[in-house]
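Input: a single structure, listed below in structure tokens.
The values are calculated or read from the model by the stated rules, or taken from the named source; none is laboratory data. Keep in mind that what you see is a predicted model, and the values were worked out from it rather than measured. For neighbour counting, all protein chains shown are included, and Cβ atoms are generated from backbone atoms with ideal geometry for every residue, glycine included. Accessible surface areas use protein heavy atoms only, side chains included; no ligands, DNA or RNA. Shrake-Rupley method; radii C 1.70, N 1.55, O 1.52, S 1.80 Å.
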Amino acid sequence: MATTAEAAPGASYPLRYDVEYPEKLSRLLIFVKGILALPHWLILSALYSVGSVITFIAWFAILFTGKYPKGLFDFAVNIQRWAANVSAYVGLLRDEYPPFSWEPGEYHLILGIEHAERQSRWRLLVRIFSIWP
């Protein structure tokens with residue numbers, strides 16, 4: 001299993017995503033994976049609600065300090081890691097049931113996002129206009 005994504009020479013990409021594809025997948029399990037993933041989706045919907053509040057708080061933290069607080073960033077990345085585990089299961093990339101955890105290394109999937117030390121305050125102000133309809 002690769003641990004980093006290949007990037008262009010001299011370029012650094014802040015995202016790592018890799019799924020170890022198995023040799024053989026179950027043909028019958030594909031019909032019930034959506035039902036089996038229902039508990040994960042319920043938990044993830046609650047986590048996404050909390051994550052939206054965290055994002056709102058982080059927006060102000062970046063606006064005033066120019067930094068994304070490490071704890072808030074890790075929480076947001078962990079939610080995305082859990083969602084990626086469930087997506088890999090439902091998307092027929094893995095047959096193993098995903099763990100009820102966001103810890104890295106517990107599932108055959110790598111999702112890593114680097115934490116940037118500084119964030120642009122001006123770019124943050126411009127981004128808010130991109131989400132308005």
Legend entry - Scan of region 5-31 for residues that are at pLDDT 90 or above and either farther than 19 Å from Y107 by Cβ or surrounded by fewer than 10 Cβ atoms within 10 Å (Cβ to Cβ) (or both), ordered by number: F31
Inset, instruction - Examine region 104-124 for a residue that is more than 20 Å from R16 (Cα to Cα), open to solvent by less than 40 Å² (accessible area, probe 1.4 Å) and not small (G, A, S), and state whether such a residue exists. - result: yes
Inset, instruction - Quickly run through region 80-133 and pick out the residues that are in a loop (DSSP other than H, G, I, E, B), without any contact (Cβ under 8 Å) to a residue 40 or more places away in the chain and touching a Phe, Trp or Tyr at 6+ places or on another chain (Cβ under 9 Å). - result: E96, P99, S101, W102, Y107
Inset, instruction - Count, please, the residues in region 33-51 that happen to be among the β-branched types (V, I, T) and exposed (fewer than 10 other Cβ atoms within 10 Å of the Cβ). - result: 1
Legend entry - Tally, over region 97-120, of residues that are aliphatic (A, V, I, L, M), farther than 23 Å from L42 by Cα and at pLDDT 90 or above: 1
Inset, instruction - Confirm whether V77 is part of a helix (DSSP H, G or I), touching a strand residue (DSSP E or B) at 6+ places or on another chain (Cβ under 7 Å), buried (at least 16 other Cβ atoms within 10 Å of the Cβ) and not basic (K, R). - result: yes
